[in-house]
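Visitor: Following this message is one structure expressed as structure tokens.
The values are calculated or read from the model by the stated rules, or taken from the named source; none is laboratory data. All values derive from a computational prediction rather than experimental measurement. Ideal geometry is used to build each Cβ from the backbone, glycine not excepted, and the neighbour counts take in all protein chains shown.
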Ligand SMILES: NC(=O)c1ccc[n+]([C@@H]2O[C@H](COP(=O)([O-])OP(=O)(O)OC[C@H]3O[C@@H](n4cnc5c(N)ncnc54)[C@H](O)[C@@H]3O)[C@@H](O)[C@H]2O)c1
């Protein structure tokens, strides 16, 4: 894992109760940052904190809800004093297509996968600006690069929106020394993909399309988060970077 010194920084990672978010929280914590571990699921948020130790604190909140995000950010600044790094990782998916997606599922996907990044960026932007800068990383998906997936209507739309929002936010926040980038994972081995991964035919279909010949691991994503948080990435903003073993080459 990359060595980056984040001592003195405070990071908020949403959806850090398991999977990619948990790996990101661990990497930031091991690099010296204090980490606010957010999740909608109290058990998994507390479990992450128990595993990662004293530099982490659990914050249970639904980031798809504006009021909840405002309270979350107020609570973190009151308790941890600042916010330097924001990782919008929380995400959900429903396996339905355009004709079968109920409106409430469509709306919920947009709330959690897209609006949450707007809510958190709007709440933390002024804090980072007052501190002299910051870093925002949005976990999108290769599915957001206009690569339709079967039966993922709301998910694909939300991730394409998140990439667009990342660029808009990067342009606006550059004046405040806040860098904003998106990471677009390919298929990563987490709970989100567990059901599909239980089908060997599906795995073989994926692998046939991945030049590096393996599925991704959560730490394939956390390494890039560390790099984006470091000064080595000082001139990098407004990008959507694929981490997918070469599946998509844009
Ligand atoms: N796993 C993959 O193959 C893959 C690929 C591309 C993109 N992604 C994206 O990476 C991110 C993390 O995915 P993962 O595979 O770790 O998923 P996961 O389902 O394993 O974990 C997601 C976490 O987010 C939390 N969460 C869900 N809704 C929330 C909300 N409203 N507020 C706060 N927390 C909430 C869940 O409780 C869970 O702990 C997601 O945005 C996902 O879309 C994953």
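Visitor: Taking residue 68 as meeting all but one of (1) in contact (Cβ under 8 Å) with a residue 12 or more places away in the chain; (2) within 15 Å of the ligand (Cβ to nearest atom), write down the number of the exception.
Guide: All conditions pass for residue 68, except number (1).
Visitor: Within region 181-191, work out how many residues are surrounded by fewer than 18 Cβ atoms within 10 Å (Cβ to Cβ) and either free of Cβ contacts under 8 Å to residues at least 24 places away in the same chain or within 6 Å of the ligand (Cβ to nearest atom) (or both).
Guide: Result for region 181-191: 1.
Visitor: When both residues are 6+ apart or on different chains and their Cβ atoms are under 6 Å apart, which pairs have a first residue that lies in region 30-41 and is within 18 Å of residue 60 (Cβ to Cβ), and a second that is assigned to a loop (DSSP other than H, G, I, E, B) and modelled with pLDDT under 95?
Guide: Partner pairs satisfying both residue conditions: none exist.
Visitor: Is one or more of the residues making up region 74-82 within 10 Å of the ligand (Cβ to nearest atom) and in contact (Cβ under 8 Å) with a residue 24 or more places away in the chain?
Guide: no
Visitor: Can you go through 167, 214, 171 and tell me which one is over 23 Å from residue 33 (Cα atoms), part of a loop (DSSP other than H, G, I, E, B) and modelled with pLDDT of 95 or more?
Guide: 214
Visitor: Now for a different question. Looking only at region 5-22, how many residues end up being surrounded by fewer than 24 Cβ atoms within 10 Å (Cβ to Cβ) and within 11 Å of the ligand (Cβ to nearest atom)?
Guide: So the answer is 2.
Visitor: Could you identify the single residue in 226, 162 that is at pLDDT 95 or above, away from the ligand (no atom under 14 Å from the Cβ), buried (at least 20 other Cβ atoms within 10 Å of the Cβ) and in a helix (DSSP H, G or I)?
Guide: Values: 162 fails: away from the ligand (no atom under 14 Å from the Cβ).
Testing whether each residue is at pLDDT 95 or above, away from the ligand (no atom under 14 Å from the Cβ), buried (at least 20 other Cβ atoms within 10 Å of the Cβ) and in a helix (DSSP H, G or I) leaves just 226.
Visitor: Within 16 Å of the ligand (Cβ to nearest atom), surrounded by fewer than 21 Cβ atoms within 10 Å (Cβ to Cβ) and at pLDDT 95 or above: which single residue out of 157, 240 fits that description? First the steps, then the outcome.
Guide: Values: 240 fails: surrounded by fewer than 21 Cβ atoms within 10 Å (Cβ to Cβ).
So the residue among 157, 240 that is within 16 Å of the ligand (Cβ to nearest atom), surrounded by fewer than 21 Cβ atoms within 10 Å (Cβ to Cβ) and at pLDDT 95 or above is 157.
Visitor: For region 84-121, enumerate the residues that are more than 12 Å from the ligand (Cβ to nearest atom) and either part of a helix (DSSP H, G or I) or within 11 Å of the chain's Cα centre (by Cα) (or both).
Guide: 86, 103, 104, 105, 106, 107, 118, 121
Visitor: Here's something else I'd like to know. Hey, among the residues in region 127-142 that are touching a residue at least 60 places away in the same chain (Cβ under 8 Å) and outside any helix (DSSP H, G or I), which one's farthest from the chain's Cα centre (by Cα)?
Guide: For region 127-142, the residue satisfying everything is 135.
Visitor: Out of all the residues in region 30-43, which are within 15 Å of the ligand (Cβ to nearest atom) and either part of a strand (DSSP E or B) or in contact with a helix residue (DSSP H, G or I) (Cβ under 8 Å, 6 or more places away or on another chain) (or both)?
Guide: Of everything in region 30-43, those that are within 15 Å of the ligand (Cβ to nearest atom) and either part of a strand (DSSP E or B) or in contact with a helix residue (DSSP H, G or I) (Cβ under 8 Å, 6 or more places away or on another chain) (or both) turn out to be 35, 36, 37, 38, 39.
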